[in-house]
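Contents: one structure, followed by commentary.
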Amino acid sequence: MPRKTVDGYSLDYQIVQPPGAAREPIVFLHHGFGSISTWKDFPARLAQQVRRNALVYTRAGCGQSDPLRAPRASDYLFHEAEVILPQLLDRLGLDRVVLFGHSDGATISLLFASAFPDRVVQAVIEAPHVIIEEVTVCGVAEVARRYEQDPEFRQRVAQHHRDADGAFWSWAQVWLNPAYRSWSMVDRLERVRSPLLLIQGDRDAYGTLKQLDLVEG
């Protein structure tokens with residue numbers, strides 16, 4: 001798979017080019033310990049259906065991209081949106097894009113759309129985090145216990161990462177840090193100008209419909 005170096009890290013990426021593709025490409029942004037492979041064939045199927053090219057990439061610390069050299073900082077979502085993603089798009093020659101973000105990727109999508117409103121045509125925002133809810137902390141704590149105690153679950157995670165422990169714990173430890181409980185990006189939302197399709201499951205273990213209420217608010 002091709003790679004681009006951004007901010008000192010070599011990032012794994014894939015470009016899907018269905019026949020007849022036109023208009024701006026879709027950029028897929030994975031969840032907290034996701035990767036290109038955790039999307040399975042969804043980006044390719046969606047790209048083909050809507051006849052757009054697609055960029056799928058793995059953030060540093062996950063998948064086959066370079067492992068992190070230090071723990072994630074509490075502002076890592078802002079850094080991904082305001083430093084990493086725009087540099088990656090520039091190096092791939094992509095100006096205006098459609099975003100499809102899930103969980104952490106959805107938050108990064110909103111932050112990118114607020115920082116670079118002229119670059120976002122529209123965005124699909126699936127299960128975003130714009131504040132930290134109690135259910136979010138409980139959900140992360142539960143999946144952390146599962147990762148520690150369930151070898152089969154650890155093995156499934158490991159199938160997608162060259163450093164599964166690094167990918168998982170670099171995500172979980174930020175969200176479980178008590179100092180992170182007051183984190184919010186609500187003040188950035190008023191800068192978002194692109195149309196949004198907001199998706200939130202009513203049985204999501206990591207967030208409630210309050211997240212969408214705040215985005216719409």
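Viscosity 0.692 mPa s, temperature 37 °C: what is the translational diffusion coefficient of region 1-110 from Stokes-Einstein with a Kirkwood Rh over Cα pairs, rounded to a whole number of µm²/s?
Approximately 234 µm²/s, per Stokes-Einstein.
Could you tell me the distance between the Cα centroids of region 162-199 and region 96-135, to the nearest Å?
10 Å
Multiply the residue gap between Glu134 and Ala73 by 0.36 nm, knock off their C-alpha separation, and tell me the result in nm, one decimal place.
19.9 nm
Please give the contour-minus-distance gain from Asp90 to Arg51: 0.36 nm per residue of separation, less the Cα-Cα distance, rounded to one decimal in nm. Numbers along the way, then the final one.
Details: separation 39, 0.36 × 39 = 14.04 nm, distance 2.22 nm.
Stretched out fully, the Asp90 to Arg51 stretch lengthens by 11.8 nm.
How long are the semi-axes of the equivalent ellipsoid of region 57-191, taking √(5λ) for every eigenvalue λ of the Cα gyration tensor, in whole Å from largest down?
Listed largest to smallest, the semi-axes of region 57-191 are 26, 19, 13 Å.
Using a Förster distance of 25 Å, how high is the FRET efficiency between Asp202 and Asp41, based on the Cβ-Cβ distance and rounded to 0.05?
After rounding to 0.05, the efficiency reads 0.40.
Between beta-carbons, use under 11 Å as the cut-off and find the net charge around Thr107, counting Lys and Arg +1, Asp and Glu -1.
With Lys, Arg at +1 and Asp, Glu at -1, the net is -2.
What does the net charge come to around Glu134 if you take all other residues with beta carbon closer than 15 Å to its beta carbon, with K and R at +1 and D and E at -1?
-1
For a Förster distance of 41 Å, can you work out the FRET efficiency between the beta-carbons of Arg145 and Ala22, rounded to the nearest 0.05? Numbers along the way, then the final one.
Details: r = 47 Å, r/R0 = 1.15.
Efficiency computed from Cβ-Cβ geometry: 0.30.
In whole Hz, what ³J(HN,Hα) sequence does region 73-78 give by Karplus (6.51, -1.76, 1.60; θ = phi - 60°), x for Gly and Pro?
7, 5, 9, 5, 5, 5
Kindly provide log₁₀ I(q)/I(0) values, in the same order as q = 0.17 Å⁻¹, from the Debye equation applied to equal alpha-carbon scatterers of region 64-131.
Results for region 64-131 at q = 0.17 Å⁻¹ read -0.62.
To the nearest whole percent, what portion of all C-alpha pairs in region 1-51 is separated by more than 16 angstrom?
So the pairs more than 16 Å apart make up 49 percent of the total in region 1-51.
Determine the principal axes of the Cα atoms in region 144-217, then give the extent along each, sorted from largest to smallest and rounded to whole angstroms.
42, 27, 24
How long is the gain from Met1 to Leu176 if the chain were fully straight, where each residue apart is worth 0.36 nm and the alpha carbon distance is subtracted?
59.7 nm
Every read-out reported here was derived from the displayed coordinates using simple, explicitly stated rules and does not represent laboratory data. Note that the structure is a prediction, hence the values are computed from the model and not measured. So basically every Cβ, Gly included, is an ideal-geometry build from the backbone, and we count neighbours across all protein chains shown.
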